[in-house]
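Here's the structure, in structure tokens; my notes come after.
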Amino acid sequence: MPALGALRRLIMAPSLEEVGFARRGFNVEPTERTRQLEAVPQAVVTGFEWGIEDRDLATTERRLALVDPLNRGFAYEGATMACAIRDAMSRGGHRTRDLLQGGGRPHIFLNYIGIGFAMAKLPRPLWKKLVPYLHEPDLYPAMTWLCVDGYGFDRAYFDPRTWVDGQRTDTPYTWDGAPSYWQRAFDQGVGRALWFIHGGHVGNVSAAVRAFAGDRWADLWSGVGLAATFAGGSTINDLNALRAEAGHHADHLAQGAVFAAKARHHTGFVPEHSSTAVHAFTGRTVEAVARLADDCTTAATEDGGVPAYEVWRRNVRQQLSAAVV
């Protein structure tokens, strides 16, 4: 089994060095803040290595529990990616389900992103096997669109020439019965990737968003807001400047921040940078926007072919706008 695990790791995932900003060719100045961002993909790779090599899930979960809470969710992304790949390559595999219903439960939103990373490594015919059937409300089954977000992030991060510079759109896939929404969820992941590709540099991130076609900006800004809030890597002045750069898409930036705050709050650990970003983008506390996110989730159902996920996102933006006096 150890030899097989090492082979899977070699085939499916980059090394710690390969996910570094310099190795990827990103024009990012090494600073304390950018090193904080660079630790994110490294945590993902570490979680993947454990998840792909460990004989039993309990060992993986014990290892993940040792990761600093700041980056533990990212390590769970990698572990979920590994479990999804192992399940897809076996008969009757249920490691992903067991992880999500077990130790990964507090990190459910990032777990879905991890499934998206697995999608980037597997042929499309296998995708239908990746998301386990989950009906428990605290596993947020309507949020599986985050898998598509994770897939878009992976594409942009590892091949920015095609997906960022070339602004390529992806071939739609019938996800949650709504192939027309595929590109929007994909772009939300691309927006998150832009934050890392440019090391949280406000001017460069903003220019990268504006280089895309205008009808893609809203979802890109949402991804930027999520990444800036969850991962950090900026100062309060940067955050205020980023909101100004977003202009009339500031509500989408704020919606991304709400999602990030909800995800952090759900884990029971909220770093100072997340609280700072949420307040900069929404004027509210993490606790307040976490309640707002839950209220909007309860009210979100499919609307005329629009997925419940997008209805939730729209409700969040409306509630934030309604609070502005």
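Given the Cα atoms of the stretch 95-179, and with Rh set as the inverse mean 1/r over their pairs in the Kirkwood sense, what is Rg to Rh to two decimals?
The Rg/Rh ratio comes out at 0.99.
Per-residue ellipticity at 222 nm, computed for the chain from helices alone with -39500 (n - 2.57) per DSSP H run of at least four residues, works out to -20000 deg cm²/dmol.
Remark: accessible surface ordering of GLU77, GLU61 (largest first) is GLU61, GLU77, probe radius 1.4 Å. Per the Debye formula on identical point scatterers at the alpha carbon atoms of the stretch 42-97, with no solvent, log10 I(q)/I(0) at q = 0.28 Å⁻¹ is -1.08. Its Cα gyration tensor gives the stretch 4-120 an equivalent ellipsoid; the semi-axes, largest first and in whole Å, are 24, 16, 12. With the charge dipole of the stretch 253-325 set up from +1 on Lys and Arg Cβ and -1 on Asp and Glu Cβ about the Cα centre, the Cα lying farthest toward the positive end among the listed residues VAL316, THR282, ALA261 is that of THR282. Which whole-angstrom value gives the distance between the alpha carbon centres of the stretch 96-135 and the stretch 264-320? Rounded to whole Å, the Cα centres lie 22 Å apart.
Three principal axis extents of the chain based on alpha-carbon atoms, in descending order, are 60, 44, 37 Å. Shape index of the stretch 91-141: Rg/Rh, with Rg the Cα radius of gyration and Rh the Kirkwood radius from the inverse mean 1/r over Cα pairs, equals 0.95. Exposure check, 1.4 Å probe, all protein chains in place: GLU310 carries approximately 10 Å² of accessible surface. Farthest toward the dipole's positive end in the chain, which of PHE158, THR171, ILE85, given Cβ charges of +1 (Lys, Arg) and -1 (Asp, Glu) about the Cα centre? Selected residue: ILE85. A 1.4 Å probe, protein heavy atoms only, puts the accessible area of ASP176 near 100 Å². The residues of the stretch 249-325 have, on average, 42 Å² of accessible surface per residue, using a 1.4 Å probe with all protein chains present.
The values are calculated or read from the model by the stated rules, or taken from the named source; none is laboratory data. Since the structure is predicted, the reported quantities are computational estimates derived from the model, not experimental observations. Cβ sites come from the backbone with ideal geometry, for glycine too, and all protein chains shown count toward neighbours. Remember, those area values only see protein heavy atoms, side chains included, never the ligands or the DNA or RNA. Shrake-Rupley method; radii C 1.70, N 1.55, O 1.52, S 1.80 Å.
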